[in-house]
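Visitor: First, the structure itself, so that you have it in front of you.
The values are calculated or read from the model by the stated rules, or taken from the named source; none is laboratory data. If you're wondering where the values come from, they're calculated on a predicted model, not measured in any experiment. Cβ coordinates were reconstructed from backbone atoms using ideal geometry, including for glycine residues, and neighbour counts include every protein chain displayed.
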């Protein structure tokens, strides 16, 4: 539901930008889609917690509280509501993603930080190389965005509409957006899609197609430039398959987005 909500938002923004009839009506459904997504994620999380043999007594209550925060946040005024939603929903889908992986026998530590056994400089290299590769892929993707958009101004306008922030909106909203984006694109679209794809017995090529298609979908608010994320999506999946460690990808994504936001201010 988190993914569907992001795709819906992207499609509605694109429809408004292109002047498609009914674009405004689609946008009016967005609050309901967000509410449904938060409620579905919270219910799924509570169900997953209920299936565990041992679970902390506080966990179901915390899951319900985070879900309630994600549902209620959009009711807050303007920026506060958008910030609250992004943070609460990022926590909700991250926790749900970790529980989905746990249900497949993969703990949080194994999902995020495990990889080839290494010590000292080998560990530094094992972290730095995939992080550098993803950062480079994101840099190339940003260039592809600009190339396909035709102008920097058009690209920036599309990003401001899709991400719901502008250069004069301060840093709180973009930072919340970075948290949400990193969780959705790397934890969910790379790690969880890989775990569930393997559990379903899907060929790696099919898993990559699913992940990349979803990544393009959530960037569809950009229009044609969204196709530039294909290379990024494939690179992320190949890196995760090779190194089986997600933390460098999360770090590289967060760093790239932070640099991009800083450049806008």
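Visitor: From 60, 74, grab the single residue that is over 25 Å from residue 240 (Cα atoms), touching a helix residue (DSSP H, G or I) at 6+ places or on another chain (Cβ under 8 Å), at pLDDT 85 or above and outside any loop (DSSP other than H, G, I, E, B).
Guide: Answer to the check: 60.
Visitor: Okay, moving on. Of the residues 183, 175, 188, which is surrounded by fewer than 20 Cβ atoms within 10 Å (Cβ to Cβ), under 19 Å from residue 70 (Cβ atoms) and touching a residue at least 40 places away in the same chain (Cβ under 8 Å)?
Guide: When all the criteria are applied, what remains is 175.
Visitor: Also: Go through the stretch 208-225 residue by residue and tally those that are part of a helix (DSSP H, G or I), in contact (Cβ under 8 Å) with a residue 24 or more places away in the chain and either more than 15 Å from residue 186 (Cβ to Cβ) or touching a strand residue (DSSP E or B) at 6+ places or on another chain (Cβ under 7 Å) (or both).
Guide: Selection size over the stretch 208-225: 6.
Visitor: Let me ask you something else. Residue by residue through the stretch 146-174, note down the ones that are modelled with pLDDT of 75 or more and over 14 Å from residue 257 (Cα atoms).
Guide: Correct list: 146, 147, 148, 149.
Visitor: So residue 219 passes all but one of these: (1) surrounded by fewer than 22 Cβ atoms within 10 Å (Cβ to Cβ); (2) modelled with pLDDT under 90. Which condition number does it fail?
Guide: Here residue 219 clears every test but (1).
Visitor: Count, please, the residues in the stretch 189-207 that happen to be part of a loop (DSSP other than H, G, I, E, B) and under 15 Å from the mean Cα position of the chain (by Cα).
Guide: 0
Visitor: Got at least one residue in the stretch 231-244 being farther than 17 Å from residue 141 by Cα, free of Cβ contacts under 8 Å to residues at least 40 places away in the same chain, crowded, with 16+ Cβ neighbours inside 10 Å and in contact with a helix residue (DSSP H, G or I) (Cβ under 7 Å, 6 or more places away or on another chain)?
Guide: Checked against the condition, which is being farther than 17 Å from residue 141 by Cα, free of Cβ contacts under 8 Å to residues at least 40 places away in the same chain, crowded, with 16+ Cβ neighbours inside 10 Å and in contact with a helix residue (DSSP H, G or I) (Cβ under 7 Å, 6 or more places away or on another chain), the stretch 231-244 yields no hits at all.
Visitor: Specify which of the listed residues (206, 245, 192) is under 19 Å from residue 100 (Cβ atoms) and modelled with pLDDT under 90.
Guide: 245
Visitor: So how many residues does the stretch 42-83 have that are more than 27 Å from residue 105 (Cα to Cα), free of Cβ contacts under 8 Å to residues at least 40 places away in the same chain and surrounded by 18 or more Cβ atoms within 10 Å (Cβ to Cβ)?
Guide: Looking only at that region, the number is 4.
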